[in-house]
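Chemist: Please read through the structure below; I'll follow up with questions.
The values are calculated or read from the model by the stated rules, or taken from the named source; none is laboratory data. Given the structure is predicted, the values throughout are model-derived calculations rather than measurements. FYI the Cβ positions are ideal-geometry reconstructions off the backbone, even for glycines, and counts take in every protein chain you see.
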Amino acid sequence: MESEAKTIVLVSPATADANNGNWHTAHRWAQFLSGHCDIALTSRWPAPPQEPAPRRAPQAMLALHARRSAPSIHAWARAHPDKPLIVVLTGTDLYRDIHTDADAQQSLALASRLVVLQEAGLAALPAEWRGKAQVVYQSAPALRPAVKSSRSFRAVMVGHLRDEKDPLTFMEAACQDFPPGIHFDQIGLALDPHFDEAARATAQRTLRYRWLGGLPRAQTRQHIKRAHVLVNCSRMEGGAHVILEAVQSGTPVLASRISGNVGMLGPDYAGYFTLGDAAQLAVLVRRCALEPDFLALLQKQCGQRAYLFDPREEKRLVINLVTSALG
């Protein structure tokens, strides 16, 4: 069909080496679209010399990150003002940059379409731009749930250690008083020496806590699958990939009550704690470990959201997004 001959530039400032949610989104969307058009996945546009140029003149741009991709977005708009420009908004876009950064604000204005990654993201957009925005939930393949250990209880937090993820709250929670057998695992690279020092100090302070560093994605998913709960402490999220990976692995979630997490798990979810409140997080971990009915409630509520994170649905929405933009 006609769309098979068209080329789409997909800009992702995050590369494979970053191993973060934005890169995984870009890579997955490129795979979804590869059967319908030619995809030129690049870190910026025009493509840097070390990256191959598209074989044909591109017909549309799909860019992740309004601020970090702003030079590519602005260059595309100048060169191709009549061609579609789709901008996907990350957490730092929605909850910080588009309210303060002129380049990010200009990206919103230039975009022909905007994408947010969870339903609460629409309300975070300035009202003038909501009419060209839509929600596309990210996805992950469902894994067969693990048989969880009955002798110990394990909470895991996944994400590179940086301010936006608030890793210190997880560390502080691990140092609270708990019955024997409750453990805290933290996975992710320390992107600031301060967090490296904090993680090592926490491991010395309590044997309950382990910092496992950065791990390959497949190995990380197995840790999520085997854990009793996944913890997300983030200050801002566009749509946390680790939350949907937990849901798709049969692992319930404890999450900071921020817009991006509520947009993933729903306003009535029972597993929220106040942002930055380590004591409140510790109370929830104890409840999960000691009250089977509470853990079962979280499991049920997560299961009710699983349909949102099905790869078939994400693929359908992404293909429709690009096809309608080109049409």
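Chemist: Please specify each residue of the stretch 208-234 satisfying the condition of being closer than 24 Å to ASP192 by Cβ, outside any helix (DSSP H, G or I) and either touching a Gly at 6+ places or on another chain (Cβ under 8 Å) or of a type outside the set (D, E, K, R) (or both).
Modeler: TYR209, TRP211, LEU212, GLY213, GLY214, LEU215, PRO216, LEU230, VAL231, ASN232, CYS233, SER234
Chemist: Here's a follow-up. Right, ALA198: on the phi < 0 side of the Ramachandran plot, modelled with pLDDT under 95 and surrounded by fewer than 21 Cβ atoms within 10 Å (Cβ to Cβ) or not?
Modeler: The answer is no for ALA198.
Chemist: Also, quick follow-up: Look at the stretch 305-317 and say how many of its residues are under 20 Å from ILE224 (Cβ atoms) and part of a helix (DSSP H, G or I).
Modeler: Result for the stretch 305-317: 7.
Chemist: If LEU275 passes every condition in (1) touching a strand residue (DSSP E or B) at 6+ places or on another chain (Cβ under 7 Å); (2) not in a loop (DSSP other than H, G, I, E, B) but one, which one does it miss?
Modeler: Result: LEU275 fails condition (2) only.
Chemist: How many of the residues in the stretch 167-191 are touching a Pro at 6+ places or on another chain (Cβ under 8 Å) and either under 10 Å from TYR209 (Cα atoms) or of a type in the set (Asp, Glu) (or both)?
Modeler: 1
Chemist: Please verify whether TYR272 is of a type in the set (Phe, Trp, Tyr), surrounded by fewer than 16 Cβ atoms within 10 Å (Cβ to Cβ) and more than 16 Å from the chain's Cα centre (by Cα), treating the condition exactly as stated.
Modeler: It is false that TYR272 is of a type in the set (Phe, Trp, Tyr), surrounded by fewer than 16 Cβ atoms within 10 Å (Cβ to Cβ) and more than 16 Å from the chain's Cα centre (by Cα).
Chemist: Moving on. Being without any contact (Cβ under 8 Å) to a residue 60 or more places away in the chain, buried (at least 20 other Cβ atoms within 10 Å of the Cβ) and part of a helix (DSSP H, G or I) narrows it down to one of ALA282, ALA289, ALA255, ALA246, so name that one.
Modeler: That would be ALA246, the only listed residue that is without any contact (Cβ under 8 Å) to a residue 60 or more places away in the chain, buried (at least 20 other Cβ atoms within 10 Å of the Cβ) and part of a helix (DSSP H, G or I).
Chemist: Restrict the check to the stretch 297-304 and report whether at least one residue is touching an Asp or Glu at 6+ places or on another chain (Cβ under 7 Å), closer than 28 Å to LEU114 by Cα and either part of a helix (DSSP H, G or I) or not assigned by TED's automatic domain parsing to the domain that holds GLU164 (or both).
Modeler: Scanning the stretch 297-304, I find no residue that is touching an Asp or Glu at 6+ places or on another chain (Cβ under 7 Å), closer than 28 Å to LEU114 by Cα and either part of a helix (DSSP H, G or I) or not assigned by TED's automatic domain parsing to the domain that holds GLU164 (or both), so the answer is no.
Chemist: If ARG305 meets every condition in (1) buried (at least 17 other Cβ atoms within 10 Å of the Cβ); (2) touching a Pro at 6+ places or on another chain (Cβ under 9 Å) apart from one, which number is that one?
Modeler: Only one criterion is unmet by ARG305, namely (2).
Chemist: Here's another thing I want to ask about it. So, in the stretch 167-198, exactly how many residues are within 17 Å of GLY276 (Cβ to Cβ) and part of a loop (DSSP other than H, G, I, E, B)?
Modeler: Of the residues in that region, 2 qualify.
Chemist: Right, next: For GLU164, indicate whether it is more than 16 Å from ALA279 (Cα to Cα), in a helix (DSSP H, G or I) and not β-branched (Val, Ile, Thr).
Modeler: Yes: the conditions hold for GLU164.
Chemist: Select from the stretch 144-170 the residues that are modelled with pLDDT of 95 or more, under 24 Å from the mean Cα position of the chain (by Cα) and over 15 Å from ARG235 (Cβ atoms) and list them in ascending order.
Modeler: ARG154, ALA155, VAL156, VAL158
Chemist: Check off (1) part of a strand (DSSP E or B); (2) closer than 23 Å to GLU291 by Cα for TYR269 and give me the number that stays unchecked.
Modeler: (1)
Chemist: Pick out the one residue from ARG144, ARG154 that is within 30 Å of LEU295 (Cα to Cα), part of a strand (DSSP E or B) and of a type outside the set (S, T, N, Q).
Modeler: The conditions single out ARG154.
Chemist: Any residue in the stretch 198-220 that is closer than 30 Å to GLU119 by Cβ and out of contact with any strand residue (DSSP E or B) (no Cβ under 6 Å at 6 or more places or on another chain)?
Modeler: Yes; the residues of the stretch 198-220 include at least one that is closer than 30 Å to GLU119 by Cβ and out of contact with any strand residue (DSSP E or B) (no Cβ under 6 Å at 6 or more places or on another chain).
Chemist: Sort out which residues of the stretch 130-146 are surrounded by 17 or more Cβ atoms within 10 Å (Cβ to Cβ) and not small (Gly, Ala, Ser), and write them in order of number.
Modeler: VAL136, TYR137, GLN138
Chemist: I would also like to ask the following. Any idea which of (1) polar (S, T, N, Q); (2) surrounded by fewer than 22 Cβ atoms within 10 Å (Cβ to Cβ); (3) not in a loop (DSSP other than H, G, I, E, B) is the one SER149 doesn't satisfy?
Modeler: If we test SER149 against (1) polar (S, T, N, Q); (2) surrounded by fewer than 22 Cβ atoms within 10 Å (Cβ to Cβ); (3) not in a loop (DSSP other than H, G, I, E, B), just (3) comes out false.
Chemist: Go through (1) free of Cβ contacts under 8 Å to residues at least 24 places away in the same chain; (2) over 25 Å from VAL88 (Cα atoms) and name the single condition ALA270 misses.
Modeler: Only one criterion in (1) free of Cβ contacts under 8 Å to residues at least 24 places away in the same chain; (2) over 25 Å from VAL88 (Cα atoms) is unmet by ALA270, namely (1).
Chemist: Looking at CYS175 and the list (1) touching a strand residue (DSSP E or B) at 6+ places or on another chain (Cβ under 8 Å); (2) buried (at least 23 other Cβ atoms within 10 Å of the Cβ); (3) of a type outside the set (D, E, K, R), which single condition is not satisfied?
Modeler: (2)
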